[in-house]
Amino acid sequence: MIERNQPLVGLTGSIGSGKSTVSHRLAALGAHIVDADGISRELLAPNSPALDRVRAEFGPAVFDPQGNLDRKKLAGLVFEDDGARERLEGIIHPLVFKRMDERIAALRQDFPDGMIVLDIPLLFEAGLERSVDEILVVHAPEQARLERVMERDHCTREQALARMRTQVSDEEKCARADTVFYNDGDCDRLYAQVDRWYALRMGGMV
(Lines give C-alpha, C1' and ligand atoms only; values in the text may rest on other atoms or scores of the structure.)
Protein backbone atom coordinates (compact mmCIF):
# COMPACT_ATOMS: atom_id res chain seq x y z
CA MET A 1 0.00 0.00 0.00
CA ILE A 2 2.62 2.54 1.08
CA GLU A 3 6.00 3.10 -0.51
CA ARG A 4 8.39 3.68 2.37
CA ASN A 5 11.50 5.81 2.29
CA GLN A 6 11.56 6.79 5.99
CA PRO A 7 10.10 5.23 9.14
CA LEU A 8 6.32 5.26 9.39
CA VAL A 9 4.67 4.67 12.77
CA GLY A 10 1.24 3.04 13.08
CA LEU A 11 -0.91 3.99 16.06
CA THR A 12 -3.94 1.89 16.96
CA GLY A 13 -6.06 0.76 19.89
CA SER A 14 -9.45 -0.74 20.59
CA ILE A 15 -12.51 1.47 20.71
CA GLY A 16 -12.53 3.49 23.92
CA SER A 17 -8.84 2.86 24.65
CA GLY A 18 -7.75 6.50 24.50
CA LYS A 19 -5.98 6.29 21.14
CA SER A 20 -7.12 9.80 20.19
CA THR A 21 -5.60 11.16 23.39
CA VAL A 22 -2.25 9.63 22.45
CA SER A 23 -2.57 10.89 18.88
CA HIS A 24 -3.21 14.45 20.09
CA ARG A 25 -0.24 14.22 22.46
CA LEU A 26 2.06 13.06 19.68
CA ALA A 27 0.86 15.94 17.50
CA ALA A 28 1.57 18.39 20.32
CA LEU A 29 5.10 16.96 20.59
CA GLY A 30 5.68 17.58 16.89
CA ALA A 31 4.65 14.39 15.11
CA HIS A 32 2.74 14.67 11.83
CA ILE A 33 -0.52 12.73 12.14
CA VAL A 34 -2.39 11.08 9.29
CA ASP A 35 -5.83 10.48 10.77
CA ALA A 36 -7.74 7.67 9.05
CA ASP A 37 -11.02 8.48 10.82
CA GLY A 38 -10.69 12.14 9.90
CA ILE A 39 -10.13 11.21 6.28
CA SER A 40 -13.20 8.96 6.37
CA ARG A 41 -15.30 11.87 7.64
CA GLU A 42 -13.95 14.09 4.87
CA LEU A 43 -14.85 11.51 2.24
CA LEU A 44 -18.43 11.32 3.55
CA ALA A 45 -18.98 15.07 3.43
CA PRO A 46 -22.24 16.30 1.83
CA ASN A 47 -22.44 15.89 -1.95
CA SER A 48 -19.33 13.70 -2.11
CA PRO A 49 -19.16 10.74 -4.53
CA ALA A 50 -18.55 8.37 -1.59
CA LEU A 51 -21.71 9.60 0.12
CA ASP A 52 -23.68 8.99 -3.06
CA ARG A 53 -22.41 5.40 -3.06
CA VAL A 54 -23.44 4.96 0.57
CA ARG A 55 -26.91 6.26 -0.26
CA ALA A 56 -27.19 3.88 -3.20
CA GLU A 57 -26.05 0.92 -1.06
CA PHE A 58 -27.98 1.56 2.16
CA GLY A 59 -30.87 3.77 1.09
CA PRO A 60 -32.47 6.75 2.88
CA ALA A 61 -32.73 4.98 6.26
CA VAL A 62 -29.24 6.14 7.27
CA PHE A 63 -29.86 9.78 6.29
CA ASP A 64 -31.68 12.52 8.17
CA PRO A 65 -34.63 14.49 6.70
CA GLN A 66 -32.22 17.11 5.36
CA GLY A 67 -30.33 14.47 3.40
CA ASN A 68 -27.25 14.41 5.65
CA LEU A 69 -25.66 11.15 6.72
CA ASP A 70 -26.89 10.03 10.14
CA ARG A 71 -23.68 8.51 11.45
CA LYS A 72 -25.34 7.07 14.53
CA LYS A 73 -27.89 5.16 12.44
CA LEU A 74 -25.19 3.96 10.06
CA ALA A 75 -23.01 2.83 12.97
CA GLY A 76 -25.95 1.01 14.55
CA LEU A 77 -26.51 -0.83 11.28
CA VAL A 78 -22.95 -1.84 10.46
CA PHE A 79 -21.97 -2.86 14.00
CA GLU A 80 -24.93 -5.25 14.17
CA ASP A 81 -24.62 -6.68 10.65
CA ASP A 82 -21.29 -8.06 9.44
CA GLY A 83 -22.46 -8.01 5.83
CA ALA A 84 -23.45 -4.35 6.03
CA ARG A 85 -20.11 -3.49 7.63
CA GLU A 86 -18.23 -5.28 4.87
CA ARG A 87 -20.22 -3.44 2.20
CA LEU A 88 -19.48 -0.09 3.83
CA GLU A 89 -15.80 -0.91 4.18
CA GLY A 90 -15.73 -1.92 0.53
CA ILE A 91 -16.87 1.58 -0.38
CA ILE A 92 -14.81 3.60 2.09
CA HIS A 93 -11.56 1.76 2.74
CA PRO A 94 -10.02 1.98 -0.76
CA LEU A 95 -10.71 5.73 -0.83
CA VAL A 96 -9.29 6.21 2.67
CA PHE A 97 -6.15 4.22 1.85
CA LYS A 98 -5.58 6.23 -1.32
CA ARG A 99 -5.88 9.54 0.51
CA MET A 100 -3.63 8.31 3.33
CA ASP A 101 -0.96 7.47 0.75
CA GLU A 102 -1.28 10.97 -0.70
CA ARG A 103 -0.98 12.61 2.73
CA ILE A 104 2.02 10.50 3.69
CA ALA A 105 3.79 11.29 0.40
CA ALA A 106 3.18 15.02 0.88
CA LEU A 107 4.47 14.93 4.46
CA ARG A 108 7.61 13.08 3.43
CA GLN A 109 8.21 15.72 0.81
CA ASP A 110 7.61 18.67 3.14
CA PHE A 111 9.04 17.27 6.40
CA PRO A 112 11.73 14.72 5.48
CA ASP A 113 13.08 14.58 9.03
CA GLY A 114 9.73 14.58 10.84
CA MET A 115 7.90 11.69 12.42
CA ILE A 116 4.79 10.54 10.56
CA VAL A 117 2.18 8.68 12.59
CA LEU A 118 -0.64 6.81 10.88
CA ASP A 119 -3.57 6.99 13.33
CA ILE A 120 -5.84 4.12 12.32
CA PRO A 121 -8.23 2.16 14.56
CA LEU A 122 -8.38 -0.79 12.16
CA LEU A 123 -4.67 -1.18 11.49
CA PHE A 124 -4.73 -4.94 12.07
CA GLU A 125 -8.27 -5.53 10.82
CA ALA A 126 -7.43 -3.85 7.50
CA GLY A 127 -4.15 -5.78 7.18
CA LEU A 128 -1.99 -2.64 7.21
CA GLU A 129 0.49 -3.67 9.90
CA ARG A 130 3.07 -4.56 7.22
CA SER A 131 2.80 -1.05 5.77
CA VAL A 132 4.35 0.54 8.85
CA ASP A 133 7.77 0.22 10.45
CA GLU A 134 6.65 0.39 14.06
CA ILE A 135 3.33 -0.27 15.80
CA LEU A 136 2.03 1.55 18.86
CA VAL A 137 -1.01 0.18 20.71
CA VAL A 138 -3.01 1.99 23.37
CA HIS A 139 -4.42 -0.46 25.93
CA ALA A 140 -7.09 0.18 28.56
CA PRO A 141 -9.10 -2.17 30.79
CA GLU A 142 -12.26 -3.49 29.14
CA GLN A 143 -14.63 -2.00 31.73
CA ALA A 144 -13.09 1.43 31.30
CA ARG A 145 -13.42 1.14 27.52
CA LEU A 146 -17.05 0.07 27.83
CA GLU A 147 -17.89 3.03 30.01
CA ARG A 148 -16.14 5.48 27.68
CA VAL A 149 -17.92 4.15 24.59
CA MET A 150 -21.31 4.16 26.28
CA GLU A 151 -20.84 7.74 27.46
CA ARG A 152 -19.31 9.03 24.23
CA ASP A 153 -21.70 7.35 21.79
CA HIS A 154 -24.80 7.40 24.03
CA CYS A 155 -25.28 3.68 23.48
CA THR A 156 -26.18 0.69 25.63
CA ARG A 157 -23.72 -1.79 27.09
CA GLU A 158 -24.82 -4.37 24.52
CA GLN A 159 -24.26 -1.94 21.66
CA ALA A 160 -20.84 -1.01 23.00
CA LEU A 161 -19.88 -4.68 23.32
CA ALA A 162 -21.07 -5.32 19.76
CA ARG A 163 -18.75 -2.60 18.50
CA MET A 164 -15.84 -3.98 20.51
CA ARG A 165 -16.39 -7.47 19.11
CA THR A 166 -15.85 -6.25 15.54
CA GLN A 167 -12.22 -5.47 16.37
CA VAL A 168 -9.14 -7.57 17.02
CA SER A 169 -8.90 -8.20 20.77
CA ASP A 170 -6.76 -6.00 23.01
CA GLU A 171 -4.68 -9.04 23.93
CA GLU A 172 -3.81 -9.74 20.30
CA LYS A 173 -3.11 -6.09 19.57
CA CYS A 174 -0.71 -5.86 22.50
CA ALA A 175 1.03 -9.08 21.47
CA ARG A 176 1.63 -7.70 17.98
CA ALA A 177 2.74 -4.22 19.08
CA ASP A 178 6.25 -2.87 19.29
CA THR A 179 5.21 -0.52 22.10
CA VAL A 180 2.12 -0.53 24.34
CA PHE A 181 0.87 2.56 26.13
CA TYR A 182 -1.19 1.63 29.19
CA ASN A 183 -4.11 3.95 29.84
CA ASP A 184 -5.54 3.56 33.34
CA GLY A 185 -7.44 6.84 33.09
CA ASP A 186 -4.66 9.03 34.46
CA CYS A 187 -3.68 11.41 31.66
CA ASP A 188 -0.43 12.44 33.32
CA ARG A 189 0.76 8.84 33.46
CA LEU A 190 -0.31 8.25 29.86
CA TYR A 191 1.40 11.43 28.67
CA ALA A 192 4.59 10.44 30.51
CA GLN A 193 4.73 7.16 28.58
CA VAL A 194 4.14 8.92 25.25
CA ASP A 195 6.65 11.68 25.98
CA ARG A 196 9.32 9.17 26.98
CA TRP A 197 8.78 7.10 23.84
CA TYR A 198 8.79 10.16 21.59
CA ALA A 199 12.00 11.53 23.09
CA LEU A 200 13.78 8.21 22.68
CA ARG A 201 12.41 7.66 19.20
CA MET A 202 13.36 11.09 17.89
CA GLY A 203 16.76 10.82 19.51
CA GLY A 204 17.29 7.62 17.58
CA MET A 205 16.32 9.30 14.30
CA VAL A 206 18.81 12.17 14.57
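Screening PHE79 against (1) over 25 Å from ASP170 (Cα atoms); (2) of a type in the set (Phe, Trp, Tyr); (3) in contact with a Lys or Arg (Cβ under 7 Å, 6 or more places away or on another chain) leaves a single unmet condition, (1). Considering every residue within the range 33-43, establish whether at least one is among the acidic types (Asp, Glu) and either modelled with pLDDT of 95 or more or closer than 30 Å to ARG196 by Cα (or both). Checking the range 33-43: at least one residue is among the acidic types (Asp, Glu) and either modelled with pLDDT of 95 or more or closer than 30 Å to ARG196 by Cα (or both). Screening the candidates THR156, THR166 for the property of being modelled with pLDDT under 95, surrounded by 13 or more Cβ atoms within 10 Å (Cβ to Cβ) and β-branched (Val, Ile, Thr) yields one hit, THR166.
Residues of the range 98-119 that are closer than 15 Å to LEU44 by Cα and either out of contact with any helix residue (DSSP H, G or I) (no Cβ under 9 Å at 6 or more places or on another chain) or modelled with pLDDT under 95 (or both): LYS98 alone. Note on the range 16-45: among residues that are out of contact with any strand residue (DSSP E or B) (no Cβ under 8 Å at 6 or more places or on another chain) and assigned to a loop (DSSP other than H, G, I, E, B), the one that is nearest to LEU128 (Cα to Cα) is GLY16.
Among the conditions (1) more than 14 Å from the chain's Cα centre (by Cα); (2) at pLDDT 95 or above; (3) charged (D, E, K, R), ARG130 misses just one, which is (2). Just to be sure I understand, how many residues within the range 162-189 are at positive phi and assigned to a helix (DSSP H, G or I)? Total meeting the criteria: 0.
In summary, ALA192 fulfils each of the numbered conditions (1) surrounded by 15 or more Cβ atoms within 10 Å (Cβ to Cβ); (2) assigned to a helix (DSSP H, G or I); (3) more than 19 Å from the chain's Cα centre (by Cα) with the single exception of condition (1).
The values are calculated or read from the model by the stated rules, or taken from the named source; none is laboratory data. Note that this is a predicted model, so its numbers are computed, not measured. We place every Cβ from the backbone using ideal geometry, glycine too, and count neighbours over all the protein chains shown.
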